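Take a look at the structure set out below.
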Amino acid sequence: KNRFFFGMIMFLICVGVLFLTFYFYGLIYDIFILILMICAAYEMSNALAYKFEKPGFAMQVLTILVSYAAFKTVSLLSDPEEDPYGFHAIVAYSIVFLLMCVFIFVANMASSRRTGESVIASLFCMMYPVAIMFFMLAVNHLPGAEEGLAFTGWDYYAGEGDAFTPNYRAVAIVMTFTAASMSDIMAFAVGSAFRGPKFAPMISPKKTISGAIGGFIGGVMGGAIVF
């Protein structure tokens, strides 16, 4: 019951954020994802603390904010016609992110309170989930309609082999949330039904291998639905 109630609240929040993003102001989406990235980094830090020395959470938050600032700045300064897919901003993010990882490594190694385990755990958190979740930000800067969902703003050229320019931004964002939701639903449903061997009992005692397989299938199903 608690999981269902929490899921419904998150569903309403996500729908609200997407509505505001598509019809009012795109920065709302960026802020929402940044909050999710910080929450995910905190959760991963606590999970790793069961096995290793707890990573430095403050440095992870600093990396998220500084890297995003570089990405957003270059994105605003770039010419949409010369760089429609935001590659310049992605490169800027990647450079700053790697520099922050080097800084974290040096700072941890120079500290007498930190060990090699802490360095490894901190860098791992930088890769998963922080670096991976960045792509949730990047999709908000893909070419697409200024407002709306689905076919709003699509350009259709009937005389050129039925070619069209899709609203990549809207499709990518909806794909991200649909695939993730379907993955979580299927992981819970399949894992609860079949149970079986545990996936990572030291980190998450209730996760099973069957649930992981169900989650993978659910993600594929979510992608197929949007496609």
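Of R113, R169, R195, which has the largest mean-square fluctuation in a 10 Å C-alpha GNM of the chain?
Looking only at R113, R169, R195, the largest GNM fluctuation is found for R113.
Computed FRET efficiency, Cβ-Cβ of L27 and K198, R0 45 Å: what is it to the nearest 0.05?
Numbers: r = 41 Å, r/R0 = 0.91.
The calculated FRET efficiency here is 0.65.
Show me, bin by bin at 5 Å from 0, the whole-percent P(r) of the chain based on Cα pairs.
Taking every Cα pair in the chain, the percentages come to 1, 6, 11, 14, 16, 16, 14, 10, 7, 3, 1, 0, 0, 0.
If amide H atoms are built 1.01 Å from N in the plane of the peptide, which residues on other chains or at least 5 residues away come under 5 Å of the amide H of K207?
Amide H neighbours of K207, under 5 Å, 5+ apart: F199, A200.
Once you have the Cα-Cα distance between R3 and Y50, take 0.36 nm times their residue separation minus that, and quote the gain in nm to one decimal.
Difference between extended and current length: 14.6 nm.
For the chain, how many pairs of lysine residues have a Cα-Cα distance under 24 Å, where the two are 8 or more positions apart or belong to different chains?
11
Could you please tell me the mean projected area of the C-alpha convex hull for segment 13-95, averaged over all directions and given in square nanometres to one decimal? The partial results should precede the final answer.
On the way: hull surface 27.5 nm².
Taking a quarter of the hull surface, the average projection is 6.9 nm².
Could you compute the net charge surrounding L48? Neighbours are other residues with a C-beta less than 12 Å from the C-beta of L48; K and R count +1, D and E count -1. Working shown, then result.
Working: positive: K51, K54; negative: E43, E53, E117.
Neighbour charge sum, excluding L48 itself: -1.
Apply the membrane-span-like helix rule to the chain: whole DSSP H runs, Cα extent along the own long axis of at least 15 Å, mean Kyte-Doolittle hydropathy at least 0.0. List the helices found. Let's see the in-between values first.
On the way: long enough: 2-23 (32 Å, 1.87); 27-48 (31 Å, 1.74); 57-77 (31 Å, 1.60); 87-110 (34 Å, 2.24); 168-194 (37 Å, 1.29); 209-226 (26 Å, 1.73).
The qualifying helices are 2-23, 27-48, 57-77, 87-110, 168-194, 209-226.
Just the number: Rg to Rh for segment 43-89, Cα atoms, Kirkwood Rh, two decimals.
On the way: Rg = 16.4 Å, Rh = 12.8 Å.
Reported Rg/Rh, Kirkwood definition of Rh: 1.28.
Build a GNM of the chain with springs between Cα atoms under 10 Å: which of S122, S45, S78 gets the top mean-square fluctuation?
S78
Can you tell me the FRET efficiency between H88 and I185 if r is taken as the Cβ-Cβ distance and R0 is 30 Å, rounded to the nearest 0.05?
So, using R0 = 30 Å, E works out to roughly 0.20.
With n ≥ 4 as the cut-off for DSSP H runs, can you work out [θ] at 222 nm for the chain, using -39500 (n - 2.57) per run divided by the number of residues, rounded to the nearest 500?
Working: 8 runs with 151 residues, N = 227.
That comes out to -22500 deg cm²/dmol.
Evaluate 2.2 N^0.38 Å with N set to the residue count of segment 8-51, then give the Cα radius of gyration divided by it. Could you put the intermediate results ahead of the total?
Details: Rg = 13.6 Å, N = 44, 2.2 N^0.38 = 9.3 Å.
After normalising by residue count via 2.2 N^0.38 Å, the value is 1.46.
Each reported figure results from applying straightforward, stated rules to the coordinates on display, with no laboratory input. Since the model is a prediction, treat every value here as computed from it, not as a measurement. A quick note on method: Cβ atoms are made from the backbone with ideal geometry, for glycine too, and the neighbour counts reach across all protein chains shown.
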